[in-house]
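For reference, the structure is listed below as structure tokens.
The values are calculated or read from the model by the stated rules, or taken from the named source; none is laboratory data. In this text the structure is predicted, and so the values were computed from the model without any measurement. Neighbour counts are summed over all protein chains in view; Cβ atoms, including those assigned to glycine, are modelled from backbone coordinates with ideal geometry.
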Amino acid sequence: MKVTWQSSHTINYPQYSVAGSGWLLKRLLRLITEPLKQLSRWHLLPIGKLSSSVPSQNFQVGEFAIAWQGNETQQPYLQISHQSNLAKTLWQSSPGCSFVSGGDVRLKIIEERGSIEIDEHKNAAFPHQTVDGIKQDNDTLIIYGRLQGRQSTSDAQQYVLTLQSVDANALDFRLEIVEGNVNETQLQFLTSPDEHFYGFGEQFSHIDCKGYWIPIICEEGGIGRGDRVPKILKLLGVAGERFSSYAPTPYLVTNKGRAIFLTNTELSVFNLRDAQIATIRVASSCMQGRILGGETILEMIELYTNYVGRMPPLPDWVNQGAIVGMQGGTELVRRIWSQLRELDTPIAGFWLQDWVGQRRTIAGKQLWWNWQLDESTYPDWQQLVTDLAADGIKVGVYVNPFLVDRSQPGQRNLYQEALQQGFLVNNQEGKPYPIESTDFSAALIDLSKPEARQWFKSILKDEVLGKGAKFWMADFAEAAPIDGVYAGGETGFIYHNQYPVDWVEVNREAIQEAGKAGDAWFFNRAGFLQTPSYSTAMWLGDQNTTWGVNDGLASALKGLISSGMSGFSINHSDIGGYTSIANPILEALGMGFKRSRELFYRWMEMNAFTAIFRTHEGNQPDANVQFYTDKDTLVTFSYWAKVYAALATYRQQLMTEASTKGYPIVRHLVLHYPNDPNVYAIEDQFLLGSELLIAPVLKPGHNSVNVYFPVGEWVHLWSGKIYGSLTTGIRQIASAPLGKPAVFYRQGSPATQSILEGLRAKKIL
């Protein structure tokens, strides 16, 4: 159940300006001053003192117990618990400190090729809080009072905090700062040094975000994000930051079984740098969200996905083999298909992203964004689709919400169609907003306009599904311009984070309206809070073709795990990564990179134990090792495709859990071992469901891994050797040569019998 709040108060938002980065000199100046700016952000809205004349009292709001320690105490505070376990605190303010504060800020925003930088400048802050009254009306509790600045009491701001029971385990809150000039709202709560914070959507640098400052804004992930890359990328504004994410969410869950999330779409920031006090702030005078009442993280994920939605199981055919990602046209596809067939490779689909034709850009090979079949690249397309289908193989393509102006004989010009009907996002001058992508610009479909959504669904139904495709990459959607003009009436400041949700909804509805639900699917990279309601699968976007901890193989694992804890239950990465900078001079300087054979093999080993096993040629296909490079790569790819296919029955069970409970396919150990403090900070191994433990090799040249085994006996998949202890968790070194990664199953688990039978049937064991 979702609460629809009624309010007569006007919501204030920060004034903001939006610009591109401009000259490199400006970018260099930004880089030099960035450390000082980060310091000011962390202390933008300080925490002040809390005072009250309201006496201590207790309230029951639905199943939630709310305790106010008031004027007879020297340090008043507010505490929320659940009737099922009153000893456990779900949320509490720091005694004597304001739990509500606000500010008057202005924002300077830079948008460049999907990357976003936001500088917050404080005009005024109101850190001190009074609680003037508390009143209850059935299952609603209202707390109200004033906020004051450091110096003056004459400029007090009124606030109202409303707590409302939604169901037995959900408490909604709405914090409004009214009758003042506040446009940024902050909520503070108590934490502890041993509390670990997970969630926040897809996070690639850290799974446990304790000690960090996490902005929640959908944006391009960037190239490098803290790993070693050419410095020019930083100057160009495309390097990204450690918390840059295509799919962030304003949601946290902790090892102590606490969870809270916002339902705002405006920019929000979670500040977890302090060991004792955490804050959440949102760029609005109104903050809305929900506190969940449960015990374990798994239970919290189930409660959370009651709100944000759950992803359906993938079609059964996806589980049966690899998704072969390649380009090059009909003849090449048939030749590679023949080679794979000779190796008896299980193939679920061929993903042919260049179905629309290719163009050369500074980034390498990119596609023409006109969403129609290029018959010069794929002659006899329908015969190819028919022949693959006869072998049980589906065909997939590529789509995104951009359009370029391209006229081809015998084809529609979708850009011109959208332009004439007013279906494009406009700039402030009323013209289509030109959004840069590498060295060209494109227009974005305005999904806030119902007619535009219907039109694009017809494109998907006619040009994609109608051409025989059964799946596609639904790319981009994180670049809706903040200063764009949208037909729906909302500003880009509010709509930017919602755009990715609308994008996946359009794709999902096209499948449903075409009568293809349960057979056709898509995978998207951009997302926000309610993306799980509409997505059929996620993918992690563009990782570098490196071992990088922030933007490479290791980061892909962290993205999988963090996203799974955030409701994105079915997710995967490009095998081998996507982005290469294959320049010999840069490579000699240690800043260029391309996909090596070892990296490619290790990535295959990891992805065979995830939801989807899909290759990608990357942005520079000719420079990278591919699955079809030679006989050895073909044999290795075929082997791991067979391993993936052998796990089909087990994965289908996990997808049922994903659709009914929101549980992720790939899981952090804390989900099943919440009382083991040794697992809280683990970021280099994972569980597939609850029965398989995988510790992938994440560094080059390594043939063993240091594995943490939670309590129990764990059987090495390849040798049958038993690791672990029945009485305690333990670390042990496990052999992991190429082709035999550190994979273990729980001793005596009934679920693993189907896994072993499948592997034996594929002659893997």
>> Tally up the residues in segment 454-482 that are in contact (Cβ under 8 Å) with a residue 60 or more places away in the chain and under 15 Å from TYR398 (Cα atoms), please.
In response: 15
>> For GLN383, only one of the following conditions fails: (1) at positive phi; (2) without any contact (Cβ under 8 Å) to a residue 40 or more places away in the chain. What is its number?
In response: (1)
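Hey, does segment 432-449 have a residue that's more than 27 Å from the chain's Cα centre (by Cα), more than 26 Å from VAL238 (Cα to Cα) and crowded, with 16+ Cβ neighbours inside 10 Å? Give the derivation first.
Residues of segment 432-449 that are more than 27 Å from the chain's Cα centre (by Cα), as a first pass: 432.
Checking the rest, the ones that are also more than 26 Å from VAL238 (Cα to Cα) come to none.
Scanning segment 432-449, I find no residue that is more than 27 Å from the chain's Cα centre (by Cα), more than 26 Å from VAL238 (Cα to Cα) and crowded, with 16+ Cβ neighbours inside 10 Å, so the answer is no.
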> So ALA645 clears everything in (1) in a helix (DSSP H, G or I); (2) surrounded by fewer than 18 Cβ atoms within 10 Å (Cβ to Cβ) except one condition, right? Which one?
Replying inline: (2)
> Since MET591 meets every condition but one in (1) assigned to a loop (DSSP other than H, G, I, E, B); (2) buried (at least 24 other Cβ atoms within 10 Å of the Cβ); (3) among the hydrophobic types (A, V, I, L, M, F, W, C); (4) out of contact with any helix residue (DSSP H, G or I) (no Cβ under 6 Å at 6 or more places or on another chain), which condition does it not meet?
Replying inline: (2)
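If we scan segment 398-416, do we find a residue that is part of a helix (DSSP H, G or I) and closer than 24 Å to ILE612 by Cα? Walk me through how you get there before you give the answer.
If we filter segment 398-416 for residues that are part of a helix (DSSP H, G or I), which is where we start, we get 414-416.
Filter once more, so that each one left must be closer than 24 Å to ILE612 by Cα: none.
No, segment 398-416 contains no residue that is part of a helix (DSSP H, G or I) and closer than 24 Å to ILE612 by Cα.
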> Just wondering, is there one or more residues in segment 412-426 that are closer than 24 Å to ASP374 by Cβ and of a type in the set (Lys, Arg)?
Replying inline: yes
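Please determine whether any residue of segment 612-624 is free of Cβ contacts under 8 Å to residues at least 12 places away in the same chain and either assigned to a helix (DSSP H, G or I) or β-branched (Val, Ile, Thr) (or both). Lay out the reasoning, then the answer.
Applying the first criterion (free of Cβ contacts under 8 Å to residues at least 12 places away in the same chain) to segment 612-624 yields 622.
Next, from what is left, pick out any that are either assigned to a helix (DSSP H, G or I) or β-branched (Val, Ile, Thr) (or both): 622.
The answer is yes, given that some residue of segment 612-624 is free of Cβ contacts under 8 Å to residues at least 12 places away in the same chain and either assigned to a helix (DSSP H, G or I) or β-branched (Val, Ile, Thr) (or both).
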>> Need a quick list: strands (runs of 3 or more DSSP E) entirely within segment 318-370 having at least 2 residues that are in contact with a helix residue (DSSP H, G or I) (Cβ under 8 Å, 6 or more places away or on another chain) and modelled with pLDDT under 95.
In response: 364-367
> (1) surrounded by fewer than 15 Cβ atoms within 10 Å (Cβ to Cβ); (2) without any contact (Cβ under 8 Å) to a residue 40 or more places away in the chain: which one isn't true of ALA67, the others all being true?
Replying inline: (1)
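Residues are listed down the side, and each one gets a yes or a no for (1) farther than 29 Å from GLY577 by Cβ; (2) surrounded by 23 or more Cβ atoms within 10 Å (Cβ to Cβ):
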| residue | (1), (2) |
| --- | --- |
| CYS218 | no, yes |
| ARG242 | no, no |
| TYR246 | no, yes |
| MET287 | yes, yes |
| PRO312 | no, no |
>> Return the residues of segment 530-573 that are farther than 28 Å from THR263 by Cβ and in a loop (DSSP other than H, G, I, E, B); say none if nothing qualifies.
In response: ASP542, GLN543, THR545, THR546, TRP547, GLY548, VAL549, ASN550, ASP551, GLY552, SER573
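Which of the residues that make up segment 502-529 are in a loop (DSSP other than H, G, I, E, B), among the small types (Gly, Ala, Ser) and surrounded by 22 or more Cβ atoms within 10 Å (Cβ to Cβ)? Break it down into steps so the answer makes sense when it comes.
As a first pass, look at segment 502-529 and keep what is in a loop (DSSP other than H, G, I, E, B): 514-516, 518-519, 525-529.
Among the residues that remain, those that are also among the small types (Gly, Ala, Ser) are: 514-515, 518, 526-527.
ALA526, GLY527 - these are the residues of segment 502-529 that are in a loop (DSSP other than H, G, I, E, B), among the small types (Gly, Ala, Ser) and surrounded by 22 or more Cβ atoms within 10 Å (Cβ to Cβ).
Could you please give the count of residues in segment 173-221 that are assigned to a strand (DSSP E or B) and either farther than 22 Å from LEU78 by Cβ or among the small types (Gly, Ala, Ser) (or both)? Reasoning before the result, please.
Of the residues in segment 173-221, the ones assigned to a strand (DSSP E or B) are 173-178, 184-190, 197-199, 213-216, 218.
Those still in the list that are either farther than 22 Å from LEU78 by Cβ or among the small types (Gly, Ala, Ser) (or both) too: 198-199, 213-216, 218.
So the count comes out to 7.
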